[in-house]
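To keep things clear, I will list the structure first and then write my remarks on it.
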Amino acid sequence: MESGFLPKSIDPERAADQGLEFAGALDPAPLARLREVAADDAATISGRFAFHRDEEGRAVMEGSAEASLPLICQRCADLFLFEARAVWRRVFALSEADERGLAEKGLDVCYHNGPLDVAELVEEELILALPMAPRHPEGCEPIQRPAAGAHPFAGLAELLKR
């Protein structure tokens with residue numbers, strides 16, 4: 001069963017028991033850390049969550065988020081829209097020992113009791129999906145171009161002659 005909205009919080013155990021799916025838009029206003037990275041508040045964010053149980057009875061969350069974020073190009077300093085996409089799958093461990101065992105298998109594991117904050121989860125995943133140095137995908141001209149024929153260490157050659 002899929003809803004047309006994203007709730008503020010989700011209890012993964014209950015959602016897995018019921019096989020719930022959520023999809024919808026997310027208001028970027030409360031996402032302070034993502035707003036710090038973005039150059040403007042004109043972001044559009046959507047997410048999708050699906051919950052089920054694995055073969056050992058643990059709650060599993062599969063999710064994705066997409067955002068159009070205005071970023072500043074680190075090469076030309078112009079604004080551009082970056083299409084961020086994050087996809088994740090988390091297994092909710094039943095105990096700390098279970099968490100260690102699953103982590104050793106290379107799974108994303110969460111040992112968590114109680115409801116999850118949906119906005120916080122989506123924000124974390126989208127921040128991880130951002131590039132370290134945002135740049136236009138089609139290329140652009142750098143801000144400062146070195147003058148033709150000028151060598152940056154030409155002045156040092158004169159000092160060495162003295």
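Tell me the residue from 6, 81 that is free of Cβ contacts under 8 Å to residues at least 40 places away in the same chain and outside any helix (DSSP H, G or I), please.
On the way: 6 fails: free of Cβ contacts under 8 Å to residues at least 40 places away in the same chain.
One residue alone meets the criteria, 81.
Within region 61-78, count every residue that is in contact (Cβ under 8 Å) with a residue 40 or more places away in the chain and either touching a strand residue (DSSP E or B) at 6+ places or on another chain (Cβ under 9 Å) or part of a helix (DSSP H, G or I) (or both).
Start the filter on region 61-78 by keeping residues that are in contact (Cβ under 8 Å) with a residue 40 or more places away in the chain, which leaves 61, 63, 65, 67, 69, 71-78.
Restricting the remaining residues to those that are either touching a strand residue (DSSP E or B) at 6+ places or on another chain (Cβ under 9 Å) or part of a helix (DSSP H, G or I) (or both) gives 61, 63, 65, 67, 69, 71-73, 78.
Count: 9.
Across region 35-76, what is the number of residues that are among the aliphatic types (A, V, I, L, M) and at pLDDT below 85? Steps first, please.
Quick first cut of region 35-76, residues among the aliphatic types (A, V, I, L, M) only: 37-39, 42-43, 45, 50, 59-61, 65, 67, 69, 71-72.
Then keep just the ones that are at pLDDT below 85; that gives 37-39, 42-43.
Result for region 35-76: 5.
What number of residues in region 84-126 are farther than 27 Å from residue 45 by Cβ, touching a strand residue (DSSP E or B) at 6+ places or on another chain (Cβ under 7 Å) and either of a type in the set (A, V, I, L, M) or in contact (Cβ under 8 Å) with a residue 60 or more places away in the chain (or both)?
Residues in region 84-126 being farther than 27 Å from residue 45 by Cβ, touching a strand residue (DSSP E or B) at 6+ places or on another chain (Cβ under 7 Å) and either of a type in the set (A, V, I, L, M) or in contact (Cβ under 8 Å) with a residue 60 or more places away in the chain (or both): 3 in total.
What about residue 17, is it part of a helix (DSSP H, G or I) and over 18 Å from residue 124 (Cβ atoms)? Break it down into steps so the answer makes sense when it comes.
Values: part of a helix (DSSP H, G or I): yes; over 18 Å from residue 124 (Cβ atoms): yes.
Criteria met by residue 17.
With the requirement that a residue be β-branched (Val, Ile, Thr) and crowded, with 18+ Cβ neighbours inside 10 Å, what does region 61-108 give you?
Residues of region 61-108 β-branched (Val, Ile, Thr): 72, 87, 91.
Across region 61-108, the qualifying residue is only 91.
Within region 114-146, can you find the residues that are aliphatic (A, V, I, L, M) and either surrounded by 14 or more Cβ atoms within 10 Å (Cβ to Cβ) or modelled with pLDDT under 90 (or both)? Before you say what the answer is, go through the steps one by one.
Restricting attention to region 114-146, the residues satisfying the condition of being aliphatic (A, V, I, L, M) are 116, 118-119, 121-122, 126-130, 132-133, 143.
Across region 114-146, the qualifying residues are 116, 118, 119, 121, 122, 126, 127, 129, 130, 132, 133, 143.
Please work out which one of (1) assigned to a loop (DSSP other than H, G, I, E, B); (2) over 17 Å from residue 108 (Cα atoms); (3) not aliphatic (A, V, I, L, M) is the condition residue 33 fails and give its number.
Result: residue 33 fails condition (1) only.
Residue 151: part of a loop (DSSP other than H, G, I, E, B), farther than 19 Å from residue 23 by Cα and either of a type in the set (S, T, N, Q) or in contact with a helix residue (DSSP H, G or I) (Cβ under 9 Å, 6 or more places away or on another chain) (or both), yes or no? Please lay out each step first, then the result.
Numbers: part of a loop (DSSP other than H, G, I, E, B): yes; farther than 19 Å from residue 23 by Cα: yes; either of a type in the set (S, T, N, Q) or in contact with a helix residue (DSSP H, G or I) (Cβ under 9 Å, 6 or more places away or on another chain) (or both): yes.
It is true that residue 151 is part of a loop (DSSP other than H, G, I, E, B), farther than 19 Å from residue 23 by Cα and either of a type in the set (S, T, N, Q) or in contact with a helix residue (DSSP H, G or I) (Cβ under 9 Å, 6 or more places away or on another chain) (or both).
Just to be sure, is residue 40 of a type in the set (D, E, K, R), surrounded by 12 or more Cβ atoms within 10 Å (Cβ to Cβ) and part of a loop (DSSP other than H, G, I, E, B)? Spell out the reasoning first.
On the way: of a type in the set (D, E, K, R): yes; surrounded by 12 or more Cβ atoms within 10 Å (Cβ to Cβ): yes; part of a loop (DSSP other than H, G, I, E, B): yes.
Considered against the rule, which asks whether it is of a type in the set (D, E, K, R), surrounded by 12 or more Cβ atoms within 10 Å (Cβ to Cβ) and part of a loop (DSSP other than H, G, I, E, B), residue 40 comes out as yes.
The values are calculated or read from the model by the stated rules, or taken from the named source; none is laboratory data. These numbers were taken from a predicted model, which means no experiment stands behind them. Here Cβ is always computed from backbone atoms with ideal geometry, including for glycine, and neighbour counts include all displayed protein chains.
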